[in-house]
Every structure is written in C-alpha cells, then in structure tokens.
Amino acid sequence: MAKKFYITTAITYASGKPHIGNTYEAIFADAIARFKREQGFDVFFLTGTDEHGLKVEQKAAAKGVTPKSYVDEAAAVIKSIWDKMNVSYDKFIRTTDASHIAAVQKIFNKFYEQGDIYKGSYQGLYCTPCESFWTEAQLVDGKCPDCGREVKPAEEEAYFFKMGKYANNLIKHIIEHPLFIRPASRKNEMLNNFLLADEFIGKSDGELLKAIEDGTLKTKLQDLCVSRSTFKWGVPVSFDSRHVVYVWLDALSNYISGIGYPEDGYKKLWPADVHIIGKDILRFHTIYWPIFLMAMGEPLPECIFGHAWLLQGGDKMSKSKGNVLYADDLSEVFGVDGVRYFVLHEMPYADDGVITWELLCERNNSDLANVLGNLLKRTVSMTNQYLGGAAKKTGVEGETDGDFESVINGTYAKIAEKMEEYKVADALDCLWSLFRRANKYIDETCPWILAKDESKKDRLSEVLYNLLLSLETGAKLLKPFMPETAEKILAEVGAKDGGYEVAEEPATLFARIKFEEIKPVIEKIENAQKAEAAAPETEEKEKITIDDFAKVEMRVGKVIACEAVKKSKLLHETVKVGNKTLSILSGIGKHYTAEEMVGKKVIVVTNLPPREMKGIMSEGMIVCAEAPDGALSIVSPEKDIPDGSLLS
C-alpha cells in the first residue's frame with residue numbers, strides 16, 4: 001500500500017484576483033505534490049479559498065451584491081487561475097462549504113464545552129484588511145505592523161481562547177521537532193517574537209526545556225479573540241447568534257475539515273505532511289493552529305513551511321502604478337510552463353525573490369530557449385539528418401561517455417534530496433545541470449564530424465542515443481515542474497523498444513523573446529490597471545442615522561505650529577480652533593512637511609477622546625482624503641472662514 005502524503009496551501013482570501021506572488025504558492029505546492037506522486041506516494045493536495053470576514057462583507061455591499069454572490073465570483077476567478085497554471089489539487093475547498101461550516105461549529109463547541117473558550121470584551125486597534133486587533137505597542141509608526149494601513153479603535157463583545165494553557169506544550173514541540181518549522185530561521189523568529197517572554201529570549205533549547213519542566217517558563221502569548229459580533233458574514237456560533245467565528249479559527253480549520261473531519265475518514269490523511277504558507281502568516285500557522293489542534297486532541301502537522309515573497313522588482317505591487325503581475329497575463333507571453341519555471345527557479349529557499357518582465361525575458365531566453373530548447377532541437381535534428389530518425393545503443397563508447405552517463409544516472413538522487421527539503425529552486429538547478437552537461441557532450445563528441453565517416457556510424461548512434469536518453473531522463477524529472485513541456489519532450493524523443501524514434505520535425509519548445517517586442521503588451525496591461533485604479537470601488541460602511549452623524553463635531557482649525565515626530569510618519573500639529581488650542585497627531589508625514597502645514601486651514605474632529613501616541617497626547621483628528629495610490633490630501637474650507645466655525 002502506497003504511503004500517504006498530505007500537502008496543503010494556505011487558502012486564498014476571496015477578495016480579489018490573486019497576483020503572481022499568491023499564485024507562486026500554489027505552483028510551489030503543486031511541484032512538491034507532483035514529485036511525490038512520481039515517487040509513488042498516495043498524495044492528497046488541498047487548496048481553496050477563505051471567504052468570510054468583514055472585508056468581504058464590505059466589498060459585497062459596495063458592489064450591491066450579497067456576500068455569497070461576491071465570493072462565488074471571486075472563488076471562480078481564483079480556481080480558474082489555479083487550473084490555468086496546471087495546479088493539480090485533489091480538492092478545492094471553500095470556507096462557505098456546508099461541510100466546513102459544520103466542522104468549524106463542532107470545533108468551536110468542543111473548545112467551549114471543555115473550558116478553552118470564554119466570553120469577554122475586546123478593546124484594541126483594528127485593521128480591517130488584515131482582520132486583526134493590535135495594541136498600541138504593536139503598531140509601527142501608528143499603523144498595522146502587518147500591512148502598514150490605518151487602524152481604528154474598536155471595542156466589542158467576543159469569545160476568547162485560552163492560549164496560555166497550551167503555550168508550554170507548543171514551545172516544547174517546536175524545540176523537540178527541529179523540522180516542524182522550516183526554514184529553520186523562521187523557528188527562532190516565532191519563538192522570540194511571539195512566544196517567549198523577554199527574559200527567556202536567547203536561552204538555549206536545553207535551558208528552555210528545563211524551564212518548562214520546572215514550571216518557570218514565561219511566555220508573551222495572550223488569549224486570542226475567536227469570535228466577532230460587529231458583522232454577520234462568517235460561520236455562526238451555534239449557541240450564540242450574535243457572534244460569528246473569527247477568521248483564523250474558521251480559516252485554519254479547513255486543513256482538517258477538507259479531508260472529512262469530524263467523520264472517521266479524515267484520519268487516513270491526518271496529520272498533514274506539510275502546510276505550504278507565506279511567511280507573513282507563519283505566526284497563525286505555527287502558534288494558533290498547533291494550539292487549536294492540541295485542544296482538539298489531534299496530532300500536529302509534520303512540517304509548516306513558510307516560503308518567502310516574490311517581489312515586483314523590489315517594489316510593492318499596486319494597480320495605480322500598473323505594476324501588478326498576474327499569472328494569466330504572464331502566461332500569454334511566456335507560456336504556462338515558462339511562468340512556472342521562473343517562479344520556481346527564482347525564489348530562494350529562505351529569502352525573497354524578484355520578478356519583472358525583463359527578468360522573465362532573460363530567463364526564458366537563457367535557460368528555456370538556449371539550454372533546453374536548443375538541446376532538444378539539435379538532438380532531434382541530428383538524429384533525423386544523420387540516422388534517419390532512429391538511434392539505438394551500440395556499445396561503441398568514447399572517453400567522455402562515462403562522465404556523461406554518471407550525470408544522467410545521478411541526477412534523480414540529487415533532485416530527490418533537494419525536494420525532500422522543499423528546496424525546489426535547487427532541484428531545478430540540478431536538472432538544468434544535466435541539460436547543460438548534455439549540450440557540452442555535443443561539443444565534446446561532434447556528431448557532425450562523426451556523420452562524415454561511415455565507419456563511425458555505430459559511434460554516432462551511441463552518441464545520439466546518449467543525448468536522447470538524457471532528454472528522456474530529464475523530461476521525466478521535469479514533469480513536476482513543467483508538466484506540459486515534459487510531455488512535449490517525451491513525444492519528440494520517441495522512446496521505443498530500447499531505442500528512440502524521434503519526431504520528423506523538431507519542436508520549438510521556447511522561442512527567444514525580445515523585450516522591446518513585448519513592450520506594447522506590457523504597456524496595455526499597465527494602462528488597464530491604472531484605469532481600473534482611477535475608478536476605485538468605494539467600500540460602503542454600515543448605515544448610520546442623522547443622530548449618529550450629529551454626534552461628530554467637526555470644526556475649522558488653523559495650524560499655528562507643527563513638528564515632525566522622530567522615527568515615525570507622524571506630524572505633531574498645534575491647531576487653533578476658536579478660543580481653544582488642540583494638540584493633534586496625524587499620520588501624514590510622508591505627504592506634508594511640518595513647514596507646509598503651518599498656516600493651513602483644516603477640518604478637525606474635535607470631540608474624540610484624547611489618545612496618547614509616541615508619548616504625545618492627541619486631542620483630535622485632521623480630516624484627509626486618500627487617493628487610489630495612497631496619496632493624502634488635507635481637506636480645507638473653500639472660502640476663508642474663521643477657525644472654530646462648526647461644520648453642519
């Protein structure tokens with residue numbers, strides 16, 4: 001019976017079309033799943049979409065559709081891109097699936113019944129895009145530490161999970177299972193940044209284990225909010241209709257609900273052999289998810305692999321800049337396998353990779369067209385020209401054959417070793433070493449010279465046989481990474497009865513591409529993105545009454561002094577509002593200098609409770625407008641109106 005191998009990606013948030021960085025993860029996991037299948041494993045590959053949350057509810061309202069209609073459309077787009085890129089998933093789960101909802105409710109109820117969950121209230125700073133609460137100390141320059149966007153004060157009734165109950169067991173597991181978190185550098189990041197109390201950071205594994213045994217280990221892990229009561233688009237808490245299950249308990253549970261939990265059949269696949277996820281959500285997968293599983297009484301995954309990011313030329317992708325790269329756009333120029341090769345090869349094991357149109361061109365021309373494409377075309381052409389299209393092993397060997405054959409025979413083991421460590425880029429390097437060695441073998445043996453001497457026909461056949469064998473071997477090893485190309489190569493070399501009968505006309509696997517020639521295509525894509533960004537969707541907020549609006553006091557103010565707050569994006573303004581002077585902190589330091597602000601008439605919200613930031617008290621808020629590209633503009637009265645004037 002084949003050994004099982006259960007692999008998952010993070011489920012993609014159904015709020016829009018995934019860019020190439022999101023798609024990379026699915027392709028990366030697919031390469032691993034395909035390789036394991038080639039090794040004879042019984043593979044189950046799960047991917048899908050995360051479809052609940054406030055952001056989806058807001059986006060749906062802005063489009064005038066129901067949340068379910070919105071995510072149906074978004075999930076279809078994501079699934080279509082995965083299919084286009086030949087992602088060979090066994091199941092595409094959606095968190096709106098009835099079976100998933102039932103599983104999440106069962107898990108939530110189990111936690112509540114065994115005392116792991118309690119009801120309380122949450123007060124903090126909330127980031128809607130990340131759907132995360134933060135404390136003041138966790139903010140970076142007054143903004144969300146994950147995405148850099150604005151956070152807003154929020155307070156609501158919620159259920160909380162007692163994370164501390166399982167913290168020591170998790171730390172012990174991480175220490176005793178060195179392959180649990182990969183790459184290894186991510187392990188210390190999780191321990192030091194999110195688990196260990198400051199006085200335990202830097203302690204050896206032995207010291208930490210002893211502290212756990214002695215009961216003296218302290219952690220910084222706080223109880224986790226696991227429900228929301230201020231929106232409705234989520235999995236309902238079955239025993240409290242005011243609440244929905246919070247995103248991470250809902251989303252993370254897909255890894256076990258997707259294989260049939262709580263029915264007995266899920267045990268055939270659980271625990272997962274590897275969760276493939278982005279490094280930005282490693283904390284949720286290496287802390288929250290293992291603790292949930294401990295509370296469920298389930299074994300932990302064998303490995304959680306946090307891959308790095310694929311960056312667009314070192315710049316953040318933005319539609320307003322027109323630089324967002326999508327897999328479907330790229331594949332129209334470079335082909336599906338051309339894109340697969342690039343993202344798999346250019347992503348280092350632990351560091352961020354870079355992708356640009358120019359780099360794609362360079363890699364297409366050097367590795368795909370020159371090394372691989374040229375090798376196939378030369379070999380098939382020579383076999384047709386010199387041997388009538390058929391080559392067989394004759395045993396007439398030359399001095400370079402032994403080394404070449406050792407490379408052919410040894411490549412699988414090298415690739416398998418790298419794939420066992422999930423070093424996919426390194427595995428591709430091993431495979432391309434074979435193709436480069438084959439090209440060198442052509443130069444060493446000079447088949448065109450052998451063809452001129454009838455007495456050397458058997459030697460010529462041996463040479464071309466070896467080259468075709470290298471292509472056949474390489475194509476079989478290429479299947480997990482570039483499945484369509486692998487099949488094309490196998491069809492071209494035509495292995496038959498211990499020899500080869502090649503195609504009559506050699507195929508062009510990858511044509512050389514001149515960057516200048518694809519510039520019009522790039523410009524068209526970039527212009528379309530900029531046009532879309534120029535007419536952005538507006539997220540519709542919850543409806544309020546005129547009485548609610550009347551509670552907000554906005555007055556005209558005049559900035560009479562301003563200074564930049566060191567090591568932040570904040571400006572500290574002194575604003576005269578009638579007969580009062582207010583101290584206000586604004587996150588506009590990237591858009592205005594302190595000197596520019598002095599003398600400006602601004603609109604100020606004057607009845608907010610005072611709030612301390614960076615050791616300075618802020619007594620109000622200056623109203624700004626934000627453009628699609630993130631640029632901020634102060635809102636000022638059209639006419640010269642006295643400061644202190646009330647807006648109505």
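For first residues located in region 410-426 and touching a residue at least 40 places away in the same chain (Cβ under 8 Å) and among the hydrophobic types (A, V, I, L, M, F, W, C), partners that are part of a loop (DSSP other than H, G, I, E, B) and surrounded by fewer than 20 Cβ atoms within 10 Å (Cβ to Cβ) and lie 6+ apart or on another chain with Cβ distances below 9 Å form the pairs ALA416/GLN39; MET419/GLN39; VAL424/TYR349; ALA425/GLU346; ALA425/PRO348; ALA425/TYR349.
The residues in region 493-509 that are surrounded by 23 or more Cβ atoms within 10 Å (Cβ to Cβ) and out of contact with any Gly (no Cβ under 8 Å at 6 or more places or on another chain) can be counted, and the count is 1. Of the listed requirements (1) open to solvent by less than 40 Å² (accessible area, probe 1.4 Å); (2) over 29 Å from ALA531 (Cα atoms); (3) among the β-branched types (Val, Ile, Thr), THR581 misses just one: (1). Residues in region 20-50 that are outside any helix (DSSP H, G or I) and either closer than 16 Å to ALA272 by Cα or touching a helix residue (DSSP H, G or I) at 6+ places or on another chain (Cβ under 8 Å) (or both): 11 in all.
Restricting to region 399-415, count the residues that are closer than 30 Å to ILE7 by Cα and open to solvent by 20 Å² or more (accessible area, probe 1.4 Å). Outline the logic, then answer.
Just the residues of region 399-415 that are closer than 30 Å to ILE7 by Cα, to begin with: 408-415.
So of that shortlist, the ones also open to solvent by 20 Å² or more (accessible area, probe 1.4 Å) come out as 409-410, 412-414.
Summing the residues that are closer than 30 Å to ILE7 by Cα and open to solvent by 20 Å² or more (accessible area, probe 1.4 Å) in region 399-415 gives 5.
Just one of (1) assigned to a strand (DSSP E or B); (2) buried (at least 19 other Cβ atoms within 10 Å of the Cβ) fails for LYS55. It is (1). Remark: pairs (first residue in region 267-286, farther than 12 Å from ILE181 by Cα; second residue open to solvent by 30 Å² or more (accessible area, probe 1.4 Å) and part of a helix (DSSP H, G or I); Cβ separation under 7 Å; 6+ apart in sequence or on different chains) = PHE284/TRP248. Residues being open to solvent by less than 30 Å² (accessible area, probe 1.4 Å), assigned to a loop (DSSP other than H, G, I, E, B) and at negative phi are entirely absent from region 123-133. For residues that are under 24 Å from GLN58 (Cα atoms) and among the acidic types (Asp, Glu), scanning just region 209-255, find the one that is nearest to the chain's Cα centre (by Cα). Filtering first and then ranking leaves ASP250. For region 190-230, filtering for residues that are assigned to a strand (DSSP E or B), out of contact with any Phe, Trp or Tyr (no Cβ under 7 Å at 6 or more places or on another chain) and of a type in the set (Gly, Ala, Ser) leaves 0. On the basis of being crowded, with 16+ Cβ neighbours inside 10 Å, of a type in the set (D, E, K, R), in contact (Cβ under 8 Å) with a residue 24 or more places away in the chain and not in a loop (DSSP other than H, G, I, E, B), does GLU573 make the cut? It is true that GLU573 is crowded, with 16+ Cβ neighbours inside 10 Å, of a type in the set (D, E, K, R), in contact (Cβ under 8 Å) with a residue 24 or more places away in the chain and not in a loop (DSSP other than H, G, I, E, B). The condition of being in a helix (DSSP H, G or I), open to solvent by 60 Å² or more (accessible area, probe 1.4 Å) and touching a residue at least 12 places away in the same chain (Cβ under 8 Å) holds for only one of ARG512, ARG436, that being ARG436. The set of residues in region 140-163 that are at pLDDT 95 or above and open to solvent by 30 Å² or more (accessible area, probe 1.4 Å) contains only LYS162.
Okay, residues lined up against (1) assigned to a loop (DSSP other than H, G, I, E, B); (2) within 47 Å of the chain's Cα centre (by Cα); (3) within 18 Å of GLU405 (Cβ to Cβ):
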residue: LYS457; (1), (2), (3): no, no, no
residue: VAL463; (1), (2), (3): no, yes, yes
residue: LEU469; (1), (2), (3): no, yes, yes
residue: LYS476; (1), (2), (3): no, yes, yes
residue: ALA486; (1), (2), (3): no, yes, no
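Open to solvent by 30 Å² or more (accessible area, probe 1.4 Å), in contact with a His (Cβ under 7 Å, 6 or more places away or on another chain), modelled with pLDDT of 90 or more and not hydrophobic (A, V, I, L, M, F, W, C): is that true of GLU596 in this structure? For GLU596, the condition - open to solvent by 30 Å² or more (accessible area, probe 1.4 Å), in contact with a His (Cβ under 7 Å, 6 or more places away or on another chain), modelled with pLDDT of 90 or more and not hydrophobic (A, V, I, L, M, F, W, C) - is not met.
Considering region 258-313, and only residues there that are of a type in the set (Phe, Trp, Tyr) and outside any strand (DSSP E or B), the residue that is surrounded by the most Cβ atoms within 10 Å (Cβ to Cβ) turns out to be TYR261.
Residue by residue, here is whether (1) surrounded by fewer than 17 Cβ atoms within 10 Å (Cβ to Cβ); (2) touching a strand residue (DSSP E or B) at 6+ places or on another chain (Cβ under 7 Å); (3) assigned to a helix (DSSP H, G or I) holds:
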position: LEU325; (1), (2), (3): no, yes, no
position: LEU359; (1), (2), (3): yes, no, yes
position: THR379; (1), (2), (3): no, no, yes
position: GLU397; (1), (2), (3): yes, no, no
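The values are calculated or read from the model by the stated rules, or taken from the named source; none is laboratory data. Quantities reported herein were computed from a predicted structural model and do not represent experimental measurements. So basically every Cβ, Gly included, is an ideal-geometry build from the backbone, and we count neighbours across all protein chains shown. Accessible surface areas use protein heavy atoms only, side chains included; no ligands, DNA or RNA. Shrake-Rupley method; radii C 1.70, N 1.55, O 1.52, S 1.80 Å.
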